[in-house]
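The values are calculated or read from the model by the stated rules, or taken from the named source; none is laboratory data. All values reported here derive from a predicted model rather than from experimental measurement. Quick reminder, even Gly has a Cβ in these numbers, built from the backbone with ideal geometry, and neighbours come from all protein chains shown.
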Amino acid sequence: MRLGTVIAGKLRLERVIGRGAMGVVLEARDLSLDRRVAVKLILAQHAADPQLRGRFIREARAMTRLATEHVARVFEVGELDDGTLFLAMELLEGQSLEQLIQSGGPLPVVDAVELMLEALEAVAEAHALGLVHRDIKPSNLYLAARPGKPPILKVLDFGIVKDGGATAKLTATGTLPGTPAYMAPEQITLQEDLIDARADVWALGVTLFEILTGALPFGGPIDVMLTRIRTAATPRIRATRPDVSRELEAILERCLAKHPAHRYASGGELAAALREIHGRGLARSERGRERQSAITEVSLARRGLAREAATTAPASRHPRARAVRGLLLPIALLMLTLLVGVGAVVALR
C-alpha cells in the first residue's frame, strides 16, 4: 500500500514506522479530526489466516477494555475492501526500555522500580479482567514523550494476549507463545493449563533483572537458554548490583520461581510488594548510604523539568540570585574603603 493512500475514507498513510513479516505500522493523518495517529495493517494475504485474524481482533478488544493511560488508546479497528485489517491508535514518540538500556546502560534502582510500577498499572488491570499479555519484555515497554510532562510508560503489543474467558486458540499447536528469553517455564513446556497471570509475573521479573543489570538472568544459545529457564537457579542480582536491597532481590527471586504456584499470583500482588519496599527507601544501600545519582535519560526526563524552570527563571526572581546580589553591595563598599585607606597611606609617605 503506497504512502499517500487514504484508507477507511479518512486515514492518509504518510510514513512507515516499522515492518513485520505479516504487516506494517505507519504514521497517518486522520483527516476528519486533523490529528496524527499510528495505523497497524495486517496485509490481506495474511489476514485470511484464522489464527492471525483472531489475534488481531483480540489485541484490539484487549486494548479497548483497558482504561489505564499506560496502554496506547485505540481509535478504530476495521477491515478494508481488499481484506486488509487495520487498527488506528495513539501515535507514540519516545523509546522503548530496550533502546534505553542499549544507549545508556542499566538504570538506577529507583528509576527501574518506578518504571515497573507504571507497567504494572496496565498489567494489573489486564489481569483483573482475565487477560494475560504473554509477551512482556523491554521492547514492549515504551517511554512515550508528553509535551510539558515527564514521559509515561506504555505497555505495547497485546497480539498474543490470552483471554481467560475465550475458548479459541491463538497459537498453533506446538508453537511457543511469546519471546523465548522472557517466557516462563510453563510457556516453554507448553503447559497451557498453567499459563496465566503468573507467566506475566515471570516476564516482568526477567525484564526488571535486565534493566538493572543489562543482561538476561538466563542467557546463551536458544537451546541452552530454554534449559536454563527450566532448571537453572536464578542468579543473585546483588552480585552484579550491590546497591539493590535484599528485599528487592527477594522479590525478583519470587517472580522467577520455577513453579507458578511460588510466584506472585498477579500483577497487582507484585505491584503491592514493589510499592511497599519503594516506600521504605529502596534507593539506599545495605549500609544506609544514599545511592549515587546516575544520569540517565529517564532521570533527566523525570527531573529535568524542575531544573529547567529553576535555571531559566529571571535572576531577579531566583532566590539564590537575590542573595548573591545582596552580598555584592557590602563587598564593594569594603573594597572602596580599603582602596581609600591605601591611597591615604601612600600620600602621607
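In summary, residue 248 fulfils each of the numbered conditions (1) farther than 24 Å from residue 130 by Cβ; (2) aliphatic (A, V, I, L, M); (3) out of contact with any helix residue (DSSP H, G or I) (no Cβ under 8 Å at 6 or more places or on another chain) with the single exception of condition (3).
Quick grid of which residues meet (1) acidic (Asp, Glu); (2) within 30 Å of residue 114 (Cα to Cα); (3) outside the structural domain of residue 147 (by TED's automatic domain parsing):
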{"site": "56", "(1), (2), (3)": "no, no, yes"}
{"site": "73", "(1), (2), (3)": "no, yes, yes"}
{"site": "83", "(1), (2), (3)": "no, no, yes"}
{"site": "99", "(1), (2), (3)": "no, yes, no"}
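Counting only residues that are in a loop (DSSP other than H, G, I, E, B), among the aliphatic types (A, V, I, L, M) and surrounded by fewer than 19 Cβ atoms within 10 Å (Cβ to Cβ), segment 51-75 holds 1 of them. Of everything in segment 38-54 that's among the aliphatic types (A, V, I, L, M) and out of contact with any Phe, Trp or Tyr (no Cβ under 8 Å at 6 or more places or on another chain), which residue is farthest from residue 26 (Cα to Cα)? Among them, the one singled out is 48. Scanning segment 101-123 for any residue that is within 30 Å of residue 280 (Cα to Cα) and not assigned by TED's automatic domain parsing to the domain that holds residue 250 turns up nothing.
Take residue 256 and tell me if it is under 23 Å from the mean Cα position of the chain (by Cα) and touching a residue at least 24 places away in the same chain (Cβ under 8 Å). Yes; evaluated as a whole, the condition is true for this residue.
Give the number of residues within segment 70-121 that are acidic (Asp, Glu) and without any contact (Cβ under 8 Å) to a residue 12 or more places away in the chain.
1
Screening 105, 78 for residues that are out of contact with any Lys or Arg (no Cβ under 6 Å at 6 or more places or on another chain), loosely packed, with under 15 Cβ neighbours inside 10 Å and under 24 Å from residue 277 (Cβ atoms) leaves exactly one candidate, 105.
Candidates 227, 207, 234: the one that is crowded, with 17+ Cβ neighbours inside 10 Å and free of Cβ contacts under 8 Å to residues at least 24 places away in the same chain is 234.
Selection of segment 183-218 for residues being β-branched (Val, Ile, Thr), within 15 Å of residue 135 (Cβ to Cβ) and either in a helix (DSSP H, G or I) or outside the structural domain of residue 122 (by TED's automatic domain parsing) (or both) yields 188, 201, 206, 207. Counting only residues that are under 12 Å from residue 201 (Cβ atoms) and more than 20 Å from the chain's Cα centre (by Cα), which one in segment 260-278 is surrounded by the fewest Cβ atoms within 10 Å (Cβ to Cβ)? My answer is 261. Being basic (Lys, Arg), out of contact with any strand residue (DSSP E or B) (no Cβ under 6 Å at 6 or more places or on another chain) and modelled with pLDDT under 95 holds for only one residue in 149, 137, and it is 149.
Between 82, 30, which is farther than 30 Å from residue 213 by Cβ and at pLDDT 95 or above?
Checking each option against the conditions leaves just 30.
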